[in-house]
Amino acid sequence: MGEEARPRDYRLVPLAGAAWLGVVSALQGWGIAGVLGGELALACGWGWVWFRTDWGKKLRWLGLATGVALALGGVAGQLAARDYRADPAVQLSDGAQLRALVRLDSGAVLRATPWGQPEAVATGSITAVAEGDRWIRSGAQVRLSGSPDVLLNVGPGTTLRVSGRLERGFWEQPPRVGQVRVRTATVAAEPSAWLRWVGLVRNRMLDLCAGLPAPAGALVLGMSVGDRQLLDQDLSEAMRVASLTHLTAISGTHIAVAMAVISLVIPGWKWVRPLFLLAFLAVLIGVVGPTASVVRAAAMAALVIVGWWGYRSSQSQVALAAVVLGIVLLRPWMALQYGFTLSVLATAGIIFSGTRWADRLGRWSVSRWGKVMGERPLKWGSSAVAVSAAASLWVLPVLVTLNPWISLWAIPANVLATPAVAPTTILGLLAATTVTWAPTLADWCAKLAALPAGWISWVAQLFASLPAAKLPWPAGPTGPILAAILVGLVLGTIEFNWGRTGRHRHGR
């Protein structure tokens, strides 16, 4: 039986969704009631399947496993919430003085305050909080802000001994305890050799990209090493309005789109394409560093690649579900993060819709214009359109919770920008890997990367300036519900029309 004939295996998908629901219910304070409500809904659903269909005997163990996954998610969420509430940093009141050891997750970046004053900002994890002469273990995350003289010259992985004022309120978003206005900071422990190299690469790339034409240089820096320091307010707003924000830094959506485009160019699935994609992920992590979002997206992508390598490309959803299940149980707070949700939805859109759309659109375009334009360019173009359209549609219900509007140009903007994602990212990574030992080569790679990056910025600015770029959308719970209904109708219409076309073609 050929690879295309393999039926998709969806058994792990409801387990991942149930575990995610259990974690969210616990972290959002729904507690036991939320988990029991979910269990009751599952029991009713599986009971209906059992008594009203012939699937009952086949799905009884799946129903039991889904219920267990929901319960495990609830337990994991309850434990994470308990640990957060008991953290010594969380016990401090707003405005309290804090002395702590903080391990930086990212290097400090320079920004301007609303009053125009320069300020260095970094994020990190508190490892210990001082109470008198004692140091008490902590695990809370924190945002640091302070004078550039204090924070700007430290890189990711550095452990700082900081003192300053803790600000809760707006900045408190568990597991982040808030923001610390740093008064003093001294280095308590140097980063590893790898992270020191990552910091050096970031600094060299910042200098290199600052010399590129604006705003392309800002996108090259963001898409290669995840640094947004050069991104000005106008480009940032244009990228947001055009739904291209995921291309301003390293993100799961960015990696998913880049890999989908790369896979179109590299021929063969036996070993060439998986090796190339694994090398791409290895270089990406090596240059950007082991940040949470990059490691999460890379793990998801690596499992998909391994599945492809094992001649099971139709089972990508198993890899996605496995990664989601592992992440929400081991790192429960990730279940509430928009970045994680958007990454999962974009990847799911590519897997469940994008691949089928690319195949159908490719066959249709080849049948129409294959003799004129050639088969391979049409398939590449069809895949780029399908991948970007599917990812954009699937993330829409979450995007409207961030912005009370939708853009009618989001899908066209993503379709036009997608072909430039892979060359910008790959050339930017080549520049980053050579900037410390072959600066001339790195300079040429960065200049070449600026060409497709300039195209992305032009697309963003064009579509952000068009009418209906920000179509008002209902706020509150109504917004995502309506968006989900709209997406469901669009997906259903596409599948119905293509299915009807297929039946007509076969004389049914």
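No value in this document is a laboratory result; all are computed from the given coordinates. Keep in mind that this is a model prediction, so the values were computed, not measured. Here the Cβ is made from the backbone with ideal geometry for all residues, glycine too, and neighbour counts use every protein chain on show.
How large is Rg over Rh for the stretch 90-191, taking Rg from the Cα atoms and Rh as the Kirkwood inverse mean of 1/r across Cα pairs? Before the final figure, lay out each step's value.
Numbers: Rg = 12.5 Å, Rh = 13.4 Å.
Ratio of gyration radius to Kirkwood radius for the stretch 90-191: 0.94.
Can you tell me which of 115-124, 63-72 comes out highest on packing, and rank the rest after it, using the mean Cβ neighbours within 10 Å?
The most tightly packed comes first, giving 63-72, 115-124.
Working out 0.36 nm times the residue gap between Asp359 and Asp234, then minus their Cα-Cα distance, what length gain in nm do you get to one decimal?
Result for the pair: 41.3 nm of gain on full extension.
Looking at the stretch 90-191, send over the antiparallel percent of its DSSP beta bridges, to the nearest 5. Working shown, then result.
Working: 36 of 40 bridges.
The antiparallel proportion sits near 90 percent.
Select from the stretch 396-490 those chymotrypsin sites (Phe, Trp or Tyr not before Pro) which occupy a DSSP coil region and have at most 13 other Cβ atoms within 10 Å, ordered by residue number. Show your work: numbers first, answer last.
On the way: sites: Trp405, Trp409, Trp437, Trp444, Trp455, Trp458, Phe463; in loops: Trp409, Trp437.
Those satisfying the criteria are Trp437.
Once you order the gyration tensor axes a ≥ b ≥ c over the Cα atoms, which shape class does the stretch 199-500 get: rounded for a/c under 1.5, otherwise prolate or oblate by comparing a/b with b/c?
Values: a/c = 1.31, a/b = 1.19, b/c = 1.10.
Note, shape of the stretch 199-500 comes out rounded.
Can you compute the FRET efficiency between Arg111 and Leu275 using 1/(1 + (r/R0)^6), with r the Cβ-Cβ distance and R0 = 35 Å? Round to the nearest 0.05. Walk me through the intermediate numbers first.
Values: r = 40 Å, r/R0 = 1.14.
The computed FRET efficiency comes out at 0.30.
In what sequence do Lys470, Lys379 fall when counting other Cβ within 10 Å, fewest first? Don't skip to the end; give the middle numbers.
Working: Lys470 16, Lys379 19.
Listed from fewest to most nearby Cβ atoms, that is Lys470, Lys379.
Cα centroid distance between the stretch 207-241 and the stretch 74-91, in Å?
Measuring centre to centre over Cα atoms gives 37 Å.
Dividing the alpha-carbon radius of gyration of the stretch 321-375 by 2.2 N^0.38 Å (N being the number of residues), what value is obtained? Before the final figure, lay out the partial values.
Values: Rg = 17.7 Å, N = 55, 2.2 N^0.38 = 10.1 Å.
Working it through for the stretch 321-375, the quotient is 1.76.
Express in nm, to one decimal, how much length is gained between Val187 and Leu200 on full extension, taking 0.36 nm for each residue of separation and deducting their alpha carbon distance.
Details: separation 13, 0.36 × 13 = 4.68 nm, distance 1.71 nm.
Full-extension gain reported as 3.0 nm.
Could you give the nm distance between label points at Arg82 and Gln337, where each point is 7 Å from its Cα heading toward the beta carbon?
2.4 nm
Arrange the following residues from fewest to most other Cβ atoms within 10 Å of their Cβ: Ile481, Ile351, Ile250.
Numbers: Ile481 13, Ile351 23, Ile250 26.
The fewest-first ordering by Cβ neighbours comes to Ile481, Ile351, Ile250.
Among Ser125, Ser263, Ser93, which comes first, second and so on when ranked by fewest other beta-carbon atoms within 10 Å? Numbers along the way, then the final one.
Numbers: Ser125 17, Ser263 20, Ser93 7.
Final ranking by Cβ density, sparse to dense: Ser93, Ser125, Ser263.
Between rounded, prolate and oblate, where does the stretch 349-477 land on the alpha carbon gyration tensor, with a ≥ b ≥ c its root eigenvalues, rounded for a/c under 1.5, else prolate if a/b exceeds b/c? Show your work: numbers first, answer last.
Numbers: a/c = 2.09, a/b = 1.20, b/c = 1.75.
The shape class here is oblate.
With an 8 Å Cα cut-off and a minimum separation of 6 or more residues, compute the relative contact order for the stretch 90-191 in percent.
Details: 266 pairs, mean separation 31.8, N = 102.
Once normalised by length, the contact order is 31 percent.
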